[in-house]
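What follows is a single structure, written as structure tokens, with notes after it.
The values are calculated or read from the model by the stated rules, or taken from the named source; none is laboratory data. Being a predicted model, the structure only gives us computed values, none of them experimental. As a convention, Cβ positions derive from the backbone with ideal geometry for all residues, glycine included, and neighbour counts pool all protein chains shown. Accessible surface areas use protein heavy atoms only, side chains included; no ligands, DNA or RNA. Shrake-Rupley method; radii C 1.70, N 1.55, O 1.52, S 1.80 Å.
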Amino acid sequence: MNEEIDRRRTFAIVAHPDAGKTTLTEKFLLFGGQIQVAGAVKSNKIRKTATSDWMDIEKQRGISVTTSVMEFDYRGYKINILDTPGHQDFAEDTFRTLTAVDSVIIVIDCAKGVEMQTRRLMEVCRMRNTPVIVFVNKMDREGNDPFDLLDELEEELQIKVRPLSWPIEKGARFKGVYNLYEEKLDLYNPSKQTVTERVEVDVNGPELDSKVGEANAAKLRDDLELISGVYEPFDRQEYLDGHLAPVFFGSALTTFGVKELLDCFVEIAPSPRPVVAEERIVAPEEDKFTGFIFKMTANIDPNHRSSIAFCKVCSGRFRRNEPYLHIRLDKTLRFSSPTQFMAQRKSTIDEAWPGDIVGLPDTGNFKIGDTLTEGEKLHFKGLPSFSPELFKYIDNADPMRSKQLAKGLDQLMGEGVAQMFTNTFNGRKLIGTVGQLQFEVIEYRLEHEYNAFCRWEPVSLYKACWIESDDEAELEAFKKRKYQFMAVDKDGRDVFLADSNYVLQMAQIDFKNIKFHFTSEF
């Protein structure tokens with residue numbers, strides 16, 4: 001069992017939109033032998049789209065809107081990648097994904113440096129002490145000086161950095177990368193879809209001058225001397241504790257520097273780590289199976305209309321057809337066809353180990369945050385759900401298709417894409433999201449996956465907050481006074497829809513015995 005745990009590497013790739021996460025994922029799959037030709041995110045010549053962007057809307061817009069799960073074997077290691085959306089409107093999905101991984105690779109665009117979304121994701125990593133590796137992408141384009149980038153990373157992400165590969169020139173003059181971890185030089189011919197062989201050269205020998213030119217060779221020797229003077233030697237324990245970030249340079253599109261990143265990653269990255277539950281800490285080596293649901297996806301297979309719940313295995317061994325206890329519903333479930341994923345393609349498996357991500361077919365049993373065990377009552381914590389900031393009423397645009405609309409909304413809300421409230425005053429359905437783009441994604445998916453059509457009507461609200469109180473009389477008085485602004489969520493809990501900050505503050509002052517919650521976990 002320990003052998004299986006030691007060879008697992010489960011990680012997420014996160015970044016600001018357009019930094020190159022999905023392209024990097026494609027190249028990892030290429031090295032892992034899962035695909036023969038790497039797809040492109042935006043390209044007219046390459047007809048194959050990226051493997052992890054499998055939804056139609058992702059192919060059209062060239063952005064990821066949902067986290068894709070992919071697994072492959074590489075040099076004896078079993079690697080589970082989660083390619084996350086970079087767009088801040090889908091940050092919710094990315095934050096939840098970070099609870100299910102053991103380490104993170106952050107991708108940075110060398111011309112733009114650290115952007116806002118990257119800072120927010122780094123804060124989540126820091127809260128959980130998740131080990132981070134930084135990949136500075138697009139070195140084949142003109143960008144910032146590598147030393148300036150390192151300073152910016154330290155300052156903006158508030159973490160010590162240590163380069164483990166170093167670029168020779170950049171933009172059109174880009175010659176390759178020197179691998180500090182293995183002390184070898186790799187020269188590449190740029191190729192978007194295939195991998196060229198590497199050349200090994202001694203840095204202090206005359207051969208380097210003939211390969212990259214005398215000026216570049218002299219500059220590389222100076223840079224390496226400066227790095228060893230300024231930065232302390234790489235310490236793996238500091239990286240595992242989340243205090244030090246190794247930095248790699250390269251270009252995912254032209255497959256420069258990606259193999260160095262992957263080779264070093266499988267050696268230094270952590271195998272599955274203990275997970276904190278409310279009752280105790282669960283170690284991966286324990287005999288009994290435990291796991292939690294961190295993501296739901298409807299319609300992975302358009303022919304079957306089924307939902308899939310993604311379960312992260314925390315301890316023990318998951319076996320097909322075994323009875324497992326669903327804690328929230330307090331009932332025993334068996335899974336006859338658990339699956340493993342390559343984005344949209346899936347294959348049935350008989351067992352899974354800690355660190356693995358298993359897809360469980362769902363017929364309405366699961367919600368995000370649910371725990372499965374072999375009988376012990378455990379609750380894994382830290383799966384945030386949000387208080388929405390944008391609201392719209394949703395109406396049925398085609399009366400003949402009200403069933404399809406109801407089914408579609410039910411499954412999409414189960415994914416945690418957005419939250420749905422029913423106004424108790426007029427019975428209308430209200431959708432709340434974190435970003436404008438989510439409304440477009442919901443409308444698109446309702447139409448193309450469920451054949452249902454909707455109309456939006458904007459409504460001006462400040463915040464939705466869940467309310468509860470031990471004082472029944474006061475709760476009733478509050479509901480009577482605010483009856484036009486009361487709603488229930490899909491679990492039937494009371495929600496107050498405040499139309500301004502002032503109204504919310506006055507309500508909190510007037511009703512002392514009512515608790516106002518801004519996340520749905522309480």
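With a 1.4 Å probe and every protein chain kept in, tell me what percent of the accessible surface of segment 134-177 is carbon plus sulfur.
39 percent
Per 10 Å bin, what percent of the C-alpha pairs of segment 401-496 does each bin hold, from zero upward?
14, 44, 29, 11, 2
Listed here are the pairs Lys429/Lys479; Lys160/Lys184; Lys331/Lys482; Lys21/Lys463; Lys295/Lys403; which of them are more than 29 Å apart at the Cα?
Values: Lys429/Lys479 18 Å; Lys160/Lys184 24 Å; Lys331/Lys482 38 Å; Lys21/Lys463 33 Å; Lys295/Lys403 25 Å.
Pairs exceeding 29 Å: Lys331/Lys482; Lys21/Lys463.
Less than 14 Å apart at the alpha-carbon level, and either on another chain or at least 8 residues along: which aspartates and glutamates does that give for Lys288?
By straight Cα distance, Lys288 reaches Glu322, Glu351, Glu374, Glu376.
For segment 223-327, with all protein chains present and a 1.4 Å probe, just round the carbon and sulfur fraction of the accessible area to a whole percent.
Details: 1850 of 3850 Å².
That share works out to 48 percent.
Would you mind working out the accessible area per residue for segment 418-522, using a 1.4 Å probe, and quoting it in Å²? Show your work: numbers first, answer last.
Details: 5350 Å² over 105 residues.
Result: 51 Å² of accessible area for each residue.
Kindly rank 491-497, 393-399, 160-166 from highest to lowest mean number of other beta carbons found within 10 Å of each residue. Each step should come with its number before you reach the end.
Working: 491-497: 16.4, 393-399: 14.4, 160-166: 20.9.
Packing order, densest peptide first, comes out as 160-166, 491-497, 393-399.
I'd like the carbon and sulfur percentage of the solvent accessible area for segment 398-522, probe radius 1.4 Å, heavy atoms only, ligands and nucleic acids excluded.
Details: 3310 of 6430 Å².
Carbon with sulfur: 51 percent of the solvent-accessible area.
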